[in-house]
Amino acid sequence: ERYLSNFAKLMRLILDNSRQGLISIGNEIETVSLYLELEKLRFNNRFNYSININNIDSEFTLIPPMLAQPYIENAILHGVATMTNGTIKVDFQQLDEKVVCTIDDNGIGRQKSAELKAQNLAKKSSLGIQVTQERIELLSEDFKLDLTIQIIDKKDVNEKSLGTKVIIEMPCRL
């Protein structure tokens, strides 16, 4: 019952957010929190997560909605879903005139994930990142926003994967 109630709330938030060009960071964090909580339940608590806000007025700082979600989804599905002790950290901070959102996981990494995907007979095409890239291009044109996304494969000294880090930099509006 709690799962269905939270799912319905998440759908309402997504629909409301999708109708707006910019939303408050607080609204984005509420959406991301609900999404992570539902996915944690779905994957039987195989991962933990944290969301941190640094140096931001979460009520009045505005950002484009749903930019972090596809990368969080990838961190779950392609990073920590096969683990028993996964961790996802989502951090929002303001640096000068930009909001920086970092999604950091300790998952299996993009290379191992691609290998597992290649072995999977029922190949499913992933559109989340492609759609997000198209949205970024449209937002850049419509709002004259300079959005950048950097994906880092974390590795130890022996080139063993330590997970993936995604850094999204976007201008903020007050």
- Working carefully through the options Leu67, Leu36, Leu41, Leu77, find the one that is part of a loop (DSSP other than H, G, I, E, B) and out of contact with any Gly (no Cβ under 6 Å at 6 or more places or on another chain). Leu67
- Any chance region 103-125 includes a residue that's modelled with pLDDT under 90, farther than 17 Å from Asp153 by Cα and of a type in the set (Asp, Glu)? no
- Query: Pairs, please: C-beta under 7 Å, at least 6 apart or cross-chain, first residue β-branched (Val, Ile, Thr) and in region 62-74, second in a helix (DSSP H, G or I)?
  - Reply: Ile63/Ile25; Ile63/Glu28; Ile72/Val32; Ile72/Tyr35; Ile72/Leu36
- Condition met for Asn44 (open to solvent by less than 40 Å² (accessible area, probe 1.4 Å) and over 14 Å from the mean Cα position of the chain (by Cα)): no
- Query: Across region 59-75, which residue is nearest to Leu127 (Cα to Cα) among those that are open to solvent by 10 Å² or more (accessible area, probe 1.4 Å) and of a type outside the set (A, V, I, L, M, F, W, C)?
  - Reply: Pro70
- On the given criteria, is Ile149 at pLDDT 80 or above, of a type in the set (A, V, I, L, M) and open to solvent by less than 30 Å² (accessible area, probe 1.4 Å)? no
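The values are calculated or read from the model by the stated rules, or taken from the named source; none is laboratory data. This is a predicted model, so every value here is computed, not measured. Positions of Cβ are generated from backbone atoms using ideal geometry, with glycine treated the same way; all protein chains shown enter the neighbour counts. Keep in mind that these areas ignore ligands, DNA and RNA; they rest on the heavy atoms of the full protein, side chains included. Shrake-Rupley method; radii C 1.70, N 1.55, O 1.52, S 1.80 Å.
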